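Peer 1: Here's a structure for you.
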Amino acid sequence: MLAAIALLGFGACHRAGSPSPAAADPDPAGRSLLEEANRELGLARDTAYTHLTRIDEAAGRFHVDCSGFVGYALARAAPEALDELRAATIRRPLAEHFVSFFESLPGRPEIARWQAVRRATELEPGDLLAWLEPADVASSNTGHVMIVRGPAAPDPDRPDLLAVPVIDATAVPHGKTDSRKAAHRTGLGTGEVLLVVDPRGTPIAYRWSRGGRAREHATTIAMARLR
């Protein structure tokens, strides 16, 4: 049973082609997840990035990491999908488990609530995007997982670069336009990540934000859609 106050285990992220048309209306399951994520954003008055998930909706408190946030949103918007994810991975999925689960979907016909998204150009609002922590990043995190909040848009100067609006929980804002930047806070917020794609539209690397200081990180990137 979900309570208004949640205290969950450690570290959801931490270890213990051509563009398709803009998607204005996601599938019902994805719409529910996006609505839930936006509902939480609207409630969040006290938010911080932490590997120990502490949520008190009445107080507007959302102390979460990336998959602590995504797991909580799934539990409220798509509990059966979360059950399938947990059954295939662990009770408290980390970012790396989202990646491995999403990658396994094409060979898992018994999975009823999820489908893989292969091309970043096909991302829709309410989809999920996850990547493994790159080898060139020194971190104890296993990666990052986000909820897509808008269609991917091609960069006018680089056809292999797509900007993806996201809702996530992070310790580092996604550049100057991130909602956490002006508020000088961590935790829940909105931002934009950039995906480097191959000629088929498959993501092969990411940039955390825009700007010359943002590096490209090659890693495994996986995407999925609720159904």
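Peer 1: Dividing the alpha-carbon Rg of the stretch 59-149 by 2.2 N^0.38 Å yields what?
Peer 2: Details: Rg = 13.4 Å, N = 91, 2.2 N^0.38 = 12.2 Å.
So the stretch 59-149 has a normalised radius of gyration of 1.09.
Peer 1: Moving to a separate point now. Show me, bin by bin at 5 Å from 0, the whole-percent P(r) of the stretch 101-224 based on Cα pairs.
Peer 2: P(r) over the stretch 101-224, rounded to whole percents: 2, 11, 20, 24, 22, 13, 5, 2, 1.
Peer 1: Give a residue-ordered list of calculated ³J(HN,Hα) values for the stretch 94-109 (Karplus: 6.51 cos²θ - 1.76 cosθ + 1.60, θ = phi - 60°; whole Hz; x for Gly, Pro).
Peer 2: Using θ = phi - 60°, the values come out as 8, 4, 5, 6, 4, 4, 5, 5, 4, 5, 7, 4, x, x, 10, x Hz.
Peer 1: Mind listing the phi-derived Karplus ³J(HN,Hα) values for the stretch 178-195, rounded to whole Hz, using 6.51, -1.76 and 1.60 with θ = phi - 60°, and x for any glycine or proline?
Peer 2: These are the phi-based 3J(HN,Hα) values: 5, 5, 7, 5, 5, 7, 6, 9, 10, x, 5, x, 10, x, 9, 10, 10, 10 Hz.
Peer 1: So for each of 178-187, 124-133 I average, over its residues, the number of other beta carbons within 10 Å; can you give me the resulting order with the highest mean first?
Peer 2: On the way: 178-187: 15.9, 124-133: 24.7.
With the highest mean Cβ count within 10 Å placed first, the list reads 124-133, 178-187.
Peer 1: Something else about it: Select one label from [x] 16.0, 45; [y] 16.2, 49; [z] 17.3, 57: the one whose number is Rg and Dmax of the Cα atoms in Å as derived from the coordinates shown.
Peer 2: [y]
Peer 1: Please turn the phi angles of the stretch 163-175 into ³J(HN,Hα) values with the Karplus equation 6.51 cos²θ - 1.76 cosθ + 1.60 (θ = phi - 60°), one per residue in order, whole Hz, x for glycine and proline.
Peer 2: 3J(HN,Hα) across the stretch 163-175, in whole Hz: 8, 10, x, 9, 10, 7, 10, 8, 8, 10, x, 8, x.
Peer 1: Arranged from highest to lowest average of other beta-carbon atoms within 10 Å per residue, in what order do the peptides 115-122, 104-111, 93-100 appear?
Peer 2: On the way: 115-122: 19.6, 104-111: 12.5, 93-100: 23.8.
Ranked from most to least packed, the peptides come out as 93-100, 115-122, 104-111.
Peer 1: Under 5 Å between amide hydrogens, which residues at least 5 positions from residue 50 or on another chain qualify, with H placed 1.01 Å from N in the peptide plane?
Peer 2: Sorted by chain and number, the residues that satisfy this are 64, 65.
Since every read-out is calculated from the coordinates, none of them should be taken as a lab result. This structure is a prediction, so every number in the text was calculated from the model and none was measured. We place every Cβ from the backbone using ideal geometry, glycine too, and count neighbours over all the protein chains shown.
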